[in-house]
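Asks: After the structure tokens below, expect a handful of questions from me.
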Amino acid sequence: APFLPLLLPALEKVADTVSDPEARSVCEKAQAQLTRLHTACATVAEGVGNTSPKAVLAIVMGAIGPVKTTGTLAASLDYVSIMCASLIDQGNKDVEAWSGRITPYLAAFLEKTAVASAITTVHAEGIKMIKE
């Protein structure tokens with residue numbers, strides 16, 4: 001969250017200078033919560049954006065087989081590759097998470113068995129790309 005570096009020092013100053021004990025307590029709790037949020041955001045941001053959606057798109061294209069990818073299907077595949085790259089960056093290995101994100105975008109264009117097969121392949125290849 002881009003506002004946290006600005007908000008935390010101001011909140012700390014208010015917590016130190018406010019005379020009302022109840023208001024000070026609320027400020028301290030807010031400061032603690034925002035500090036935890038800031039730490040969590042920094043941790044997540046470390047790996048985000050490292051995986052190339054183009055590399056993932058090649059995996060997705062290989063998984064769905066030879067189909068004409070123009071228009072809406074091409075846009076859907078681009079979006080699927082971005083979501084999968086994000087899952088890789090997050091280190092997410094949960095097949096249900098992958099399936100839940102991929103299925104809606106492939107089901108409109110492919111048969112159910114083709115979608116299931118593509119998800120299995122994309123998930124397996126995506127797992128290999130996760131940096132431990």
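Asks: Residues being open to solvent by 20 Å² or more (accessible area, probe 1.4 Å) and in a helix (DSSP H, G or I): count how many of those fall in the stretch 120-132.
Replies: Summing the residues that are open to solvent by 20 Å² or more (accessible area, probe 1.4 Å) and in a helix (DSSP H, G or I) in the stretch 120-132 gives 8.
Asks: Only residues that are within 21 Å of Gly71 (Cβ to Cβ) and either outside any helix (DSSP H, G or I) or open to solvent by 60 Å² or more (accessible area, probe 1.4 Å) (or both): list them for the stretch 102-114, please. Spell out the reasoning first.
Replies: Initially, the stretch 102-114 is screened for residues within 21 Å of Gly71 (Cβ to Cβ), giving 102-111, 114.
Pro104, Tyr105, Ala107, Ala108, Phe109, Leu110, Glu111, listed by residue number.
Asks: Of Ser86, Ser99, Ser117, which residue is in a helix (DSSP H, G or I), open to solvent by 30 Å² or more (accessible area, probe 1.4 Å), under 12 Å from Val56 (Cα atoms) and not aliphatic (A, V, I, L, M)? I'd like the intermediate steps shown before the answer.
Replies: Details: Ser99 fails: under 12 Å from Val56 (Cα atoms); Ser117 fails: under 12 Å from Val56 (Cα atoms).
Checking each option against the conditions leaves just Ser86.
Asks: Additional query: Would you confirm, using the coordinates I've provided, whether Val67 is open to solvent by less than 70 Å² (accessible area, probe 1.4 Å), part of a loop (DSSP other than H, G, I, E, B) and touching a residue at least 24 places away in the same chain (Cβ under 8 Å)? Spell out the reasoning first.
Replies: Numbers: open to solvent by less than 70 Å² (accessible area, probe 1.4 Å): yes; part of a loop (DSSP other than H, G, I, E, B): yes; touching a residue at least 24 places away in the same chain (Cβ under 8 Å): yes.
It is true that Val67 is open to solvent by less than 70 Å² (accessible area, probe 1.4 Å), part of a loop (DSSP other than H, G, I, E, B) and touching a residue at least 24 places away in the same chain (Cβ under 8 Å).
Asks: Which one of these is under 30 Å from Lys131 (Cβ atoms) and either at pLDDT 90 or above or out of contact with any helix residue (DSSP H, G or I) (no Cβ under 9 Å at 6 or more places or on another chain) (or both): Thr43, Thr51, Thr35, Thr69?
Replies: On the way: Thr51 fails: either at pLDDT 90 or above or out of contact with any helix residue (DSSP H, G or I) (no Cβ under 9 Å at 6 or more places or on another chain) (or both); Thr35 fails: either at pLDDT 90 or above or out of contact with any helix residue (DSSP H, G or I) (no Cβ under 9 Å at 6 or more places or on another chain) (or both); Thr69 fails: either at pLDDT 90 or above or out of contact with any helix residue (DSSP H, G or I) (no Cβ under 9 Å at 6 or more places or on another chain) (or both).
Selected residue: Thr43, the only one of Thr43, Thr51, Thr35, Thr69 that is under 30 Å from Lys131 (Cβ atoms) and either at pLDDT 90 or above or out of contact with any helix residue (DSSP H, G or I) (no Cβ under 9 Å at 6 or more places or on another chain) (or both).
Asks: State yes or no: is Val26 aliphatic (A, V, I, L, M) and within 23 Å of Gly100 (Cα to Cα)? Even if it seems obvious, please write down each step before you answer.
Replies: On the way: aliphatic (A, V, I, L, M): yes; within 23 Å of Gly100 (Cα to Cα): no.
Against the criterion (aliphatic (A, V, I, L, M) and within 23 Å of Gly100 (Cα to Cα)), Val26 does not qualify.
Asks: Six or more apart or on different chains, Cβ atoms under 7 Å: show the pairs whose first residue is in the stretch 36-51 and under 14 Å from Asp89 (Cβ atoms) and part of a helix (DSSP H, G or I) and whose second is modelled with pLDDT of 65 or more and open to solvent by 60 Å² or more (accessible area, probe 1.4 Å).
Replies: Gly47/Gln90
The values are calculated or read from the model by the stated rules, or taken from the named source; none is laboratory data. Predicted model, so just to flag it, every value in this text is computed and none were measured. Glycine also receives a Cβ, built like all others from the backbone with ideal geometry; neighbour counts cover every protein chain displayed. Heads up: the accessible areas ignore ligands, DNA and RNA and are worked out on the full protein's heavy atoms, side chains in. Shrake-Rupley method; radii C 1.70, N 1.55, O 1.52, S 1.80 Å.
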